[in-house]
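The values are calculated or read from the model by the stated rules, or taken from the named source; none is laboratory data. Since this is a predicted model, take the numbers as computed values, not measurements. Cβ placement follows ideal geometry from the backbone for every residue including glycine, while neighbour counts extend to all protein chains displayed.
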Amino acid sequence: MGESLLPAPPASPETAKFVAAAREGRFLIRRCTVCAKPHWYPRAICPFCGGETQWEEATGRGELYAFSTLMRADPPYTLAYVTLAEGPTMMTNIVDADPAALAIGQPVRIVWRAAEDGTPVPCFTPADQPT
Amino acid sequence: MADAYIVGAYELPYRKAPDKSVAQMHGEAALGALADAGLTLADVDGYFCAGDATGLGPVSMADYLNLRLRHLDSTEIGGSSYVAHVAHAAEAIRAGKCDVALITLAGRPRQGQKGGLPFPGPEGAWEIPFRPVTANVYAMAAQRHMHEFGTTSEQLAWIKVAASEHAQHNPHAMLPRPVTVEEVLASPIIASPLHMLDCCVVSDGGGALVVARPEIAHGLSRPRVAVKGAGESYKGQNGGAIDITWSAGRMSGATAFAEAGITPADIKYASIYDSFTITVLITLEDLGFCARGRGGAFVADGNLISGVGALPFNTDGGGLCNNHPANRGGMTKVIEAVRQLRSEAHPAVQVPSCDLALVHGTGGFLASRHGSATLILERE
Ligand SMILES: [Zn+2]
């Protein structure tokens, strides 16, 4: 099953460092310097306490929280929420997987995909999938 | 006596508008609702539309209709906007800011008119690449609800069945044929686990409402529908600490019921935004019509069918079978509740002694971020 290129993410000052790290294959999340909680999607202001936040490298491991395969798309693709090992749940796509074999709770790991403009985008694949 | 009354309501009868402009359709809806009330454009001094109205917020449409206004508002919370507009109109009237408020909606998605937001929000960079359309975001809420509570596709299908039983009596309905649970389950999967028949229709069209202060409402000949309670809220991703099995209806419903001083058991008829079957099921739990996680059992076996079940819903056929103008279902939800409270619904679906009705809108995306608005309306 072929994949189509992903729409490019709009660039902003709040995404620049993430994209730069992604180009080196590093996956960053943001954590609050005041309450110490990590969050998603990354932002300069902590959504839990309003504190200042900073980037940190994350493991890129997590588990499937929910997913849906859009069958009317050509080719179909799988939208998902993945709960990261660090705690927050993020929207993503599951790639290189048979949608019928996916299950909530299944371990997944990050795999980068290029958007239309070449920007690396964090997708996930089953953790037992060979690299 | 209430502070404000819905005195006019009108739904454009057509579902396809190749030869009309969006502004013209707003205007036709406005004239229809004002005629229903027994008022004219010259009586209007408050105007409400949502962010999708053509042009600059409420200004371009007000100018098109050449309104003379003391109050204007373009609160944009997706398809739930129009439910909130009724509440905001009542508040403005109560505060003395206007006497006669006009609320309009129109759109032509079947003619290629683009929906969605004009600019990406702050979440855009983190979501646009993953292609959340609409169906797949709602579908994730359905999947997670099934996972946590054992909700089934059969139970969701009952919501479509109930809507279709009602739609057969609506000559304007896009899908007027009653369907069975088996037919819903046999329809193709659009976004797993949702089937084609779990989804609402796409239609051109629109509608309008008129809200007036009591002194004016009492001088009109139409039955008066009082705004008795209202609430609104939103729900997002909570910084990534998400739970997609419930909606902002939990907050907006609690506010509305508290203001009205009644409970879900008092409601005779409910208009529940039905973009998808799962939207209805989760909303009913959040509004307190059943316990959390029990929505599947509540909607099964015809419990939402007028004359059959305990809670008649969407007796015009709803967005699932009748009409979803501009991809925004809040307006038609209010209109059918007004018909029920005036005893002007189709006789086959009219709820006997319908004195208290609830309207609920969900705008945006159930499993990511959405606005919600709840209204409790009473026949005087
Ligand atoms: Zn913090």
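Looking at segment B:74-82, is at least one residue part of a helix (DSSP H, G or I) and modelled with pLDDT of 95 or more? Yes, segment B:74-82 contains at least one residue that is part of a helix (DSSP H, G or I) and modelled with pLDDT of 95 or more. Candidates are the residues of segment A:35-77 that are among the hydroxyl-bearing types (Ser, Thr, Tyr) and more than 13 Å from the chain's Cα centre (by Cα); the one that is farthest from residue B:131 (Cα to Cα) is A:53.
Quick grid of which residues meet (1) away from chain A (no Cβ under 14 Å); (2) crowded, with 17+ Cβ neighbours inside 10 Å; (3) assigned to a strand (DSSP E or B); (4) in contact with a strand residue (DSSP E or B) (Cβ under 7 Å, 6 or more places away or on another chain):
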residue: B:66; (1), (2), (3), (4): yes, no, no, no
residue: B:85; (1), (2), (3), (4): yes, yes, no, yes
residue: B:106; (1), (2), (3), (4): yes, yes, yes, yes
residue: B:127; (1), (2), (3), (4): no, yes, no, yes
residue: B:132; (1), (2), (3), (4): no, yes, no, yes
residue: B:136; (1), (2), (3), (4): no, yes, no, yes
residue: B:141; (1), (2), (3), (4): no, yes, no, no
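In a residue-by-residue description of segment A:22-29, the property of being within 15 Å of the ligand (Cβ to nearest atom) and under 24 Å from residue B:369 (Cα atoms) applies to at least one position. Hey, could you check segment A:30-47 for residues that are exposed (fewer than 15 other Cβ atoms within 10 Å of the Cβ) and in a loop (DSSP other than H, G, I, E, B) and say which is nearest to the ligand (Cβ to nearest atom)? The qualifying residue nearest to the ligand (Cβ to nearest atom) is A:35.
Entry remark, segment B:194-230: residues being in a helix (DSSP H, G or I) and farther than 30 Å from residue B:181 by Cα number 4 in total.
Among residues of segment A:36-56 that are within 19 Å of residue A:122 (Cβ to Cβ), those with a Cβ under 6 angstrom from a residue that is assigned to a loop (DSSP other than H, G, I, E, B) and within 11 Å of the ligand (Cβ to nearest atom), sequence gap 6+ or separate chain, pair up as A:39/A:47; A:53/A:46; A:54/A:33.
In segment A:19-34, the residues that are of a type in the set (Val, Ile, Thr) form Cβ pairs under 9 Å with partners that are within 13 Å of the ligand (Cβ to nearest atom) and outside any loop (DSSP other than H, G, I, E, B), at six or more places apart or across chains, as follows: A:29/A:38; A:29/A:39; A:29/B:240; A:33/A:52; A:33/A:53; A:33/A:54; A:34/A:52; A:34/A:53. Within the span defined as segment B:11-25, every residue fails to be buried (at least 21 other Cβ atoms within 10 Å of the Cβ) and aromatic (Phe, Trp, Tyr). A single member of A:24, A:14, A:52, A:57 is over 15 Å from residue A:84 (Cβ atoms) and touching a helix residue (DSSP H, G or I) at 6+ places or on another chain (Cβ under 9 Å), and it is A:14. Applying the condition of being under 18 Å from the mean Cα position of the chain (by Cα) and outside any loop (DSSP other than H, G, I, E, B) to segment B:285-317 and asking which residue is nearest to residue B:147 (Cα to Cα) yields B:285.
Return a yes/no flag: does segment B:49-62 have any residue that is aliphatic (A, V, I, L, M), within 13 Å of residue B:210 (Cβ to Cβ) and either under 24 Å from the mean Cα position of the chain (by Cα) or part of a strand (DSSP E or B) (or both). No, segment B:49-62 contains no residue that is aliphatic (A, V, I, L, M), within 13 Å of residue B:210 (Cβ to Cβ) and either under 24 Å from the mean Cα position of the chain (by Cα) or part of a strand (DSSP E or B) (or both).
When A:114, A:97, A:66 are checked against the criterion of being facing another protein chain (nearest Cβ under 9 Å) and either within 24 Å of residue B:190 (Cβ to Cβ) or touching a residue at least 60 places away in the same chain (Cβ under 8 Å) (or both), A:66 stands alone in meeting it.
Taken over segment A:9-28, residues that are facing chain B (nearest Cβ under 9 Å) and within 14 Å of the chain's Cα centre (by Cα) amount to 4. The set of residues from segment B:241-284 being β-branched (Val, Ile, Thr) and in a loop (DSSP other than H, G, I, E, B) comprises B:242, B:244, B:245, B:262, B:263, B:267.
If you check B:272, B:262 for being farther than 26 Å from residue B:46 by Cβ and surrounded by fewer than 24 Cβ atoms within 10 Å (Cβ to Cβ), only one passes: B:262. Return the residue satisfying two criteria in turn: it lies in segment B:162-209 and is hydroxyl-bearing (Ser, Thr, Tyr) and either farther than 17 Å from residue B:303 by Cα or surrounded by 21 or more Cβ atoms within 10 Å (Cβ to Cβ) (or both), and of such residues it is nearest to the other protein chains (Cβ to nearest Cβ). So the residue we want is B:192. Restricting attention to segment A:48-72, the residues that are in a loop (DSSP other than H, G, I, E, B), modelled with pLDDT of 95 or more and more than 8 Å from the ligand (Cβ to nearest atom) total 4.
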